[in-house]
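Notes to accompany the following structure.
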Number of protein chains: 2
Amino acid sequence: MFLFLWVLHTACSSRVFGSTDFDYKARVTLKEGFFRNYSLGGHHSRVEILQGPENGMVYVGANFRLLLINFEAPKKSKEVIWQHNVTVLLEDKSTDTLFVCGTNGTQICCSMETLGTCRSLHKADGIAPISVDERAPSLFVDGELYSTAGLSHNRNRFGIRRDFQNIIWPAPNKTEQRYISLALSGPRVDQLQDRVYTFLMEKNLDSHPEASPWIPCVSQVCRVDHGGSKNILQQSWTSHLTARLSCGIRHKNVYFTELLDVAVLHAETWSDSRVYALFRNIWNMSAICVYTMGDIDKIFTNSAFKGHSEQIPTPRPGMCVNNSKTLPDKVLNMAKEQLQMERWVQPVSDKGMMIFSHQQYTHIRVDQVKGSGPGEHTVLLLALEDGRIHKVLEQKGQPFIVAELQPLQPGVRVLNMLLQATTKKLYVCTSTEVLEVDLLTCESYGENCELCIQARDPYCGWDPRSRKCTVASSHTIQDVENASPSVCTKGKACNSEKYISQEITLDLLPSGSCFLRCPMPWAHAEYSWHYQGTQQQCVYTEEDCLLLIDNVNPQQDRMYWCEASEGGYRRTIMTYRLKIVNKAWRLAHQHSGILCILILIALFL
Amino acid sequence: MFLFLWVLHTACSSRVFGSTDFDYKARVTLKEGFFRNYSLGGHHSRVEILQGPENGMVYVGANFRLLLINFEAPKKSKEVIWQHNVTVLLEDKSTDTLFVCGTNGTQICCSMETLGTCRSLHKADGIAPISVDERAPSLFVDGELYSTAGLSHNRNRFGIRRDFQNIIWPAPNKTEQRYISLALSGPRVDQLQDRVYTFLMEKNLDSHPEASPWIPCVSQVCRVDHGGSKNILQQSWTSHLTARLSCGIRHKNVYFTELLDVAVLHAETWSDSRVYALFRNIWNMSAICVYTMGDIDKIFTNSAFKGHSEQIPTPRPGMCVNNSKTLPDKVLNMAKEQLQMERWVQPVSDKGMMIFSHQQYTHIRVDQVKGSGPGEHTVLLLALEDGRIHKVLEQKGQPFIVAELQPLQPGVRVLNMLLQATTKKLYVCTSTEVLEVDLLTCESYGENCELCIQARDPYCGWDPRSRKCTVASSHTIQDVENASPSVCTKGKACNSEKYISQEITLDLLPSGSCFLRCPMPWAHAEYSWHYQGTQQQCVYTEEDCLLLIDNVNPQQDRMYWCEASEGGYRRTIMTYRLKIVNKAWRLAHQHSGILCILILIALFL
């Protein structure tokens, strides 16, 4: 870790260097000291993870293995062998049991009170994926299980299925689907209207030469849906609607169409709940678009139906009704057609995308953070294709990459992530281990208030009493919005704290080459070398700003220092004192011994 | 320029390092010694360029200026002031005159025998662009002028116009068009069927949400077209058809749609002529797709017409006929609809794109090169957004960037380019100057046969008599296909030539830092440092592979060398001999003088 002292030159100057160019680079990079790991033993192609019974504990299901990892006391962790590859790992809060499914040629689902011991077996078809590679998210809502696994006996029956209380099957589907995530759209004031949303990719039936082969969608089903009448849609959804998710550059008709992951931030009012959807395009660029549940609902309740110009029957298909079995045939026949909405769901931001990046993100989790002030901040946790993790502040739709975490060896892929919002821990699963990543690494930002503020980490604030960058609370100073270190001196006269940077003295012989190394702890800063009123640009390597001195000569016997400039702040990182040893003088001294002997001999003669 | 000697370790070893990763980097970069420039005086928003009356001479038209630049004898160049911004600069071979148009509020076109002096004035409407910013390519074919300028009195009459012999106007058009280039599709065996092709961008009328707003197209008109009957299409094209150009990833329905530039390589048989089309997408990526004139012709003569399911009348619209004025009304009425072909023109390569790159190319010129062997090679000359130029070998649809030429200051944009194929000179126009770039810079590849061969420059070969890398001829050795230096030793025993690399001795004091610099003349090579059986990776800067030695100590008193490895060849670029001066020994010597004086004093006492 970086631990230098610096000179704070211009604590009260205004912001000089814009940072827009750097917004897609992480400001700082952390490589150690912020995570613990737990080995899964062996190599696992799929890892499911679930919040454990206590903080610091997680349930993990892998290939032929179930674990309850206790990161606080690793020796108290439990591991059991199970005869299946775990594909579903849920908590059924209504019965306080674990619900686990697996596959091993055949599928199995069971409720567990004790890890690895089935209390009761369930029919697994349509609940547990057939293949260990099939992504089939599922969700418990009040003891009802919504699942999306393929049916072994009827391969074209894609879709969401409900089990336990009122079993409902998906209707036979026209097109292939890939499921990404499920979420409750509720609870609403009128609970009758509560829905479950499925986020998915759908094979496009549009034969237009420029139509995307797969399109990202959201579909809805009503929680109260009991299926249709005896003749139409019996025990199948009557409220199933699908709408396309729009994420891209609308006026150019360019869209991101590969939906990779979804994270939902539930709000007090259901309609304010935000859906963070992570997309990729064919060029391996990433985009994140944010939708509100309210906006999705508006499309389902107001948009025209694709290919339906005639009058819409009453009740409108997709509305949740008390007894769906008594719906008029006209409504049921229309619902049978797998209704698509004409209008697309548009993201919150006018610009379309909240994040657009050449980085290849693969997973997204979202946290709501209470900082020092009255408001709340949104933090995105994004895994990258090569195992790095970005901690991103979202502010008014603008991203700021606060930190890049590198807990994994480069190239190790993240298979799954779980955010424990209460303890601010992120659990990261790879094929061989589970990592507990601490998101409260406030001390790593530096040992003074200005650096703590410039970090813009909503989790962290400057504690004036302990004089430390620490977990944000009402006692700490923070300025996530503007990152203006002037908050450090608020109420006081502007007296910047002065530190002395690290100074190194180097003895050099003339004619050689020499390099001075300056680390670059903040990626958004600009670095430069200085000596005797002269400024010189860095020679950049991956990690350092170097000053290369090719032909060392006596004129270079002086002081050199390296400065970082960020948001109008200039900090001296390193100071070098070069001492050029005179070669001629040295040679004279080398020969003075011989000279002395010669004089002695002369005297004795 | 790079001028080191090297040790050729493994002249006969097989290819070890694959080069696919490096194919989109230029192998070498040239910054000086290959170009001459001529200042245009002032800043010009548009520069037209035309082959001059002799080799080494070019006509140039700019803002209020006409020039005949003689690069062989710059003082013999001619410059005249003209009262217009030059927008058209053509040679009318049928009358051996210059045809020049300009705009300055009003447009003017005239024929010139002497630079700047109008011999005869022409009506300019539809020939000369109204605005200096309007790109409106034009073409002389046997004294007939095909032009694409907008009409000042009828803004929706976009399209190609013919002048001088049989004036033909474009029919009123439904949609906006932007013209990129014109080319003759001929001469054919049946000259009646000769056509002129226009390459253009067309505003898409398709309202599909994923349809590109603009689409790249090629259109045809027959050279013999004399317009329709008195009632239908009188003095307008009867043979005008348009087809979409496909360039992209077909199975994903992803296409490059912004057509930037076109270069045509005319073949002996007209249908083999190749059209090199340079595209860009919204993400600023570049693609080059190659089409044959024969393939374009097949689409125009065989494809269904978009939106026409009924029987096609005879003669089929778009066929060239002896007297178009007598065409049946049925044919003329169909032609009036601005016919679009149903099928798209597909590029030659199965992969769709010949070049796909994250580089932003802006201009393309293509040369056919006769090398040392019997076959011919294709070289693309591509200008980049920032003024660099890539010399690219095309081989079986695969690009290899032979060299990057940097004749301009970074960021200076290329406005126009002209290739003089006879002398292998590329003329590059910027807003302030015209450059003559020599494409025969063979000596820059190095002073031995292996390097000359590995350069893969079809213009260059190794002359065994003069022992130089020189302009390719039947006397030189070349292996553009495989770049295998084994051709250098063909017929002889494999005795690699040995050179001694540059050796530098450095005196260093312990405890300091030191860097060793190794230039990287070949971007496709891999570089590494070596000492005493140890290999160490480079610390890369933009230009060099560095070895950083942080704490100099006596153990480092040894030889270090830097190697480049390319295509199985390892070459030593630099050798350093580090001499670590012992500090303790030095101090002892420094104090030996004092010691000597002490002994003398003791003796005298």
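The values are calculated or read from the model by the stated rules, or taken from the named source; none is laboratory data. No experiment lies behind these values; they were computed from the predicted model shown. Cβ placement follows ideal geometry from the backbone for every residue including glycine, while neighbour counts extend to all protein chains displayed. Accessible surface is based on the protein model in full, side chains and every heavy atom, while ligands, DNA and RNA are left aside. Shrake-Rupley method; radii C 1.70, N 1.55, O 1.52, S 1.80 Å.
Return a yes/no flag: does segment A:174-186 have any residue that is away from chain B (no Cβ under 14 Å), of a type in the set (A, V, I, L, M) and on the phi > 0 side of the Ramachandran plot.
Checked against the condition, which is being away from chain B (no Cβ under 14 Å), of a type in the set (A, V, I, L, M) and on the phi > 0 side of the Ramachandran plot, segment A:174-186 yields no hits at all.
For residue A:473, state whether it is assigned to a loop (DSSP other than H, G, I, E, B) and within 18 Å of residue A:369 (Cβ to Cβ).
yes
On the given criteria, is residue A:550 open to solvent by less than 60 Å² (accessible area, probe 1.4 Å), within 11 Å of chain B (Cβ to nearest Cβ) and not hydrophobic (A, V, I, L, M, F, W, C)?
No.
Scan segment B:500-525 for residues that are assigned to a strand (DSSP E or B) and not aliphatic (A, V, I, L, M) and jot them down.
Residues satisfying the conditions are B:502, B:503, B:505, B:507, B:514, B:515, B:517, B:518, B:519.
Residue by residue through segment A:535-547, note down the ones that are more than 8 Å from every other protein chain (Cβ to nearest Cβ) and exposed (fewer than 13 other Cβ atoms within 10 Å of the Cβ).
If the condition is that a residue be more than 8 Å from every other protein chain (Cβ to nearest Cβ) and exposed (fewer than 13 other Cβ atoms within 10 Å of the Cβ), then A:535, A:537, A:543 are the ones that fit.
Of the numbered conditions (1) within 14 Å of chain A (Cβ to nearest Cβ); (2) not in a strand (DSSP E or B), residue B:231 fails exactly one; give the number of that condition.
Status for residue B:231: all satisfied but (1).
Only one residue in B:450, B:443 is outside the structural domain of residue B:56 (by TED's automatic domain parsing) and surrounded by 22 or more Cβ atoms within 10 Å (Cβ to Cβ). Which one?
Going through B:450, B:443 in turn, the sole match is B:450.
Being within 14 Å of chain A (Cβ to nearest Cβ) and in a loop (DSSP other than H, G, I, E, B) is the filter; apply it to segment B:193-206 and report the residue that is most open to solvent (accessible area, probe 1.4 Å).
B:205
Listed residues A:560, A:576, A:569, A:531; which is more than 38 Å from the chain's Cα centre (by Cα) and more than 14 Å from chain B (Cβ to nearest Cβ)?
A:531
Residues that are away from every other protein chain (no Cβ under 14 Å), out of contact with any Ser or Thr (no Cβ under 8 Å at 6 or more places or on another chain) and surrounded by 20 or more Cβ atoms within 10 Å (Cβ to Cβ): does segment B:300-321 have at least one?
Yes; the residues of segment B:300-321 include at least one that is away from every other protein chain (no Cβ under 14 Å), out of contact with any Ser or Thr (no Cβ under 8 Å at 6 or more places or on another chain) and surrounded by 20 or more Cβ atoms within 10 Å (Cβ to Cβ).
Would you be able to say whether some residue in segment B:253-268 is among the small types (Gly, Ala, Ser) and over 20 Å from residue B:341 (Cα atoms)?
yes
Scan segment B:379-387 and give yes if some residue there is touching a Pro at 6+ places or on another chain (Cβ under 7 Å) and open to solvent by 30 Å² or more (accessible area, probe 1.4 Å), otherwise no.
yes
Show me the strands (runs of 3 or more DSSP E) entirely contained within segment A:275-391 in which 2 or more residues are of a type in the set (Val, Ile, Thr) and closer than 30 Å to residue A:453 by Cα.
A:286-292, A:361-370, A:376-384
Pick from B:344, B:283: which is closer than 21 Å to residue B:388 by Cβ, open to solvent by 10 Å² or more (accessible area, probe 1.4 Å) and over 19 Å from the mean Cα position of the chain (by Cα)?
Unique residue meeting the criteria: B:283.
If I ask for residues that are part of a loop (DSSP other than H, G, I, E, B) and either open to solvent by 10 Å² or more (accessible area, probe 1.4 Å) or not assigned by TED's automatic domain parsing to the domain that holds residue B:108 (or both), which ones from segment B:144-169 would you list?
Scanning segment B:144-169 gives B:150, B:152, B:153, B:154, B:155, B:156, B:157, B:158, B:164, B:165, B:166, B:167.
Going by what's in this entry, would residue A:209 be described as open to solvent by 10 Å² or more (accessible area, probe 1.4 Å) and without any contact (Cβ under 8 Å) to a residue 40 or more places away in the chain?
Spelling it out, residue A:209 is indeed open to solvent by 10 Å² or more (accessible area, probe 1.4 Å) and without any contact (Cβ under 8 Å) to a residue 40 or more places away in the chain.
State yes or no: is residue B:353 open to solvent by 10 Å² or more (accessible area, probe 1.4 Å) and of a type outside the set (Ser, Thr, Tyr)?
Here the answer is yes, as residue B:353 does meet what is asked.
Of the residues A:298, A:325, A:330, which single one is over 29 Å from residue A:212 (Cα atoms) and without any contact (Cβ under 8 Å) to a residue 24 or more places away in the chain?
Being over 29 Å from residue A:212 (Cα atoms) and without any contact (Cβ under 8 Å) to a residue 24 or more places away in the chain holds for just one of A:298, A:325, A:330, which is A:330.
In this structure, does residue A:72 turn out to be at pLDDT 95 or above, open to solvent by 10 Å² or more (accessible area, probe 1.4 Å) and acidic (Asp, Glu)?
The answer is yes for residue A:72.
Just one of A:225, A:190, A:272 is away from every other protein chain (no Cβ under 14 Å), within 25 Å of residue A:314 (Cα to Cα) and touching a strand residue (DSSP E or B) at 6+ places or on another chain (Cβ under 9 Å); which is it?
A:225
Identify, please: which residue in segment B:237-266 is within 14 Å of another protein chain (Cβ to nearest Cβ) and part of a strand (DSSP E or B) and is, among those, surrounded by the most Cβ atoms within 10 Å (Cβ to Cβ)?
That would be B:245.
Take segment A:275-289 and flag every residue that is β-branched (Val, Ile, Thr), more than 12 Å from every other protein chain (Cβ to nearest Cβ) and farther than 19 Å from residue A:186 by Cβ.
Answer for segment A:275-289, where residues must be β-branched (Val, Ile, Thr), more than 12 Å from every other protein chain (Cβ to nearest Cβ) and farther than 19 Å from residue A:186 by Cβ: just A:288.
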